[in-house]
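Here's the structure, in structure tokens; my notes come after.
The values are calculated or read from the model by the stated rules, or taken from the named source; none is laboratory data. Computed from a predicted structure; not experimentally measured. With ideal geometry, Cβ positions are generated from the backbone for all residues, glycine too; neighbour counts draw on all protein chains shown. Protein only, heavy atoms only, side chains kept; ligands, DNA and RNA dropped before computing areas. Shrake-Rupley method; radii C 1.70, N 1.55, O 1.52, S 1.80 Å.
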Amino acid sequence: MVSDGTLTPEELAARAAANGVELWALTDHDEVGGQHRAAAAARANGIRYLTGTEISVTFANETVHIVGLGFDPDDAAMTQGLYDTRGGRGKRAQEMSEGLARVGIHGAYEGALRFVGNPELISRTHFARFLVEQGHCRDTSEVFRKYLTEGKPGYVPHRWASLKDAVHWITAAKGMAIIAHPGRYKFTANEEYALFLEFKAHGGQAIEVVTGSHTTAEYVEYADKALEFDFAASRGSDFHSPDESHCDLGKLPPLPGALTPVWELLSHRIQQ
């Protein structure tokens, strides 16, 4: 990927095709620079394609991810907005490195840079890969638990885009805004309700129901929430790497219940 994954768009397209995927979207974090490559790779592998991105926003002091699908990847306002969103990553990464150095892990910033193609997109995931490589933890999940979550030495909060801005960038570029993996956020019931209401008020149309980040019970829970709020439903693997992801491309179950799939509403935006 162009952001925090370990495979190129071409490698992902080939893997998706090999796994029987029929419709694919590359959803890099806060970046659309890989979209033309991904679309070309999808065509070369005989897969239909939707443009995608995953925008980091701050809501109720939590980082929430808003997926955009089917937008114009060359839209100037979206491109500029994502560039501005990425701008705070460098300073945050330096502060994360300083926090890790205080507990004896030195050179983390430079080490993390080796795992990211674009320094503007450096994230906790790249630090996690460096710490695994250096033998501080067995895997990236252990790194997050010990070093990179709130209250741990390498955790530094970052204020991202606003929910309103992210949804507007996507919809103004003729795309659809979707709340990614809602079961992952540590919201109270009231906070989640407020998120869904505000998201809808800004023009958001869907939530992710079936994803590698959700449990089977959460598939059912968020199918019910989609019906309650009159949202369409999306389905995505949240695949970042063969060694790190909960679910491989093409291995998720279908959407449950009488939901409206996002790809039906975006059929006019699908590239054949």
Within the chain, helix-based [θ] at 222 nm, where runs of 4 or more DSSP H residues each add -39,500 (n - 2.57), nearest 500: -11000 deg cm²/dmol
How high is the relative contact order of the chain, in percent, counting Cα pairs under 8 Å that sit 6 or more residues apart? 19 percent
Applying the gyration tensor rule to the Cα atoms of the range 89-146 (axes a ≥ b ≥ c; rounded if a/c under 1.5, else prolate if a/b exceeds b/c, else oblate), the class is oblate
Note, ³J(HN,Hα) from phi for the range 138-152, Karplus 6.51, -1.76, 1.60, rounded to Hz, x at Gly and Pro: 6, 8, 5, 4, 5, 4, 4, 4, 8, 10, 10, 10, 3, x, 9
Treating only Lys and Arg (+1) and Asp and Glu (-1) as charged, each at its beta carbon, one finds that the range 89-146 has a dipole about its Cα centre, in Debye to the nearest 20, of 160 debye
Counting only heavy atoms of protein chains, what accessible area per residue, in Å², does the range 81-167 have with a probe of 1.4 Å? 50 Å²
I want the antiparallel fraction of DSSP beta bridges within the range 1-143, as a percent rounded to 5. 75 percent
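Mean shadow of the chain, computed from the convex hull of its alpha carbons, in nm²?
Hull-based average projected area comes out at 13.3 nm².
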Percent RCO, i.e. relative contact order, over the range 1-121, from Cα pairs under 8 Å lying at least 6 residues apart: 23 percent
Longest principal axis of the chain (C-alpha) makes with the long axis of helix 216-228 (C-alpha) an angle, in degrees to the nearest 10, of 50 degrees
Lys and Arg at +1, Asp and Glu at -1: add these up for the other residues within a Cβ distance under 9 Å of Ser213 and post the number. -2
Name the shape class, rounded, prolate or oblate, that the alpha-carbon gyration tensor gives for the range 115-272, where a ≥ b ≥ c are the square roots of its eigenvalues, rounded holds for a/c under 1.5, and otherwise prolate holds if a/b is larger than b/c and oblate otherwise. prolate
Could you give P(r) for the range 1-114, binned at 5 Å from zero, as whole percent values over all Cα-Cα pairs? 2, 11, 17, 18, 16, 14, 11, 7, 3, 1, 0
Select from the range 1-95 those chymotrypsin sites (Phe, Trp or Tyr not before Pro) which occupy a DSSP coil region and have at most 14 other Cβ atoms within 10 Å, ordered by residue number. none
Leaving ligands, DNA and RNA out of it, report the carbon-plus-sulfur percent of the accessible area of the range 89-146 at a 1.4 Å probe. 48 percent
For the chain, percent of DSSP beta bridges that are antiparallel (nearest 5) comes out at 50 percent
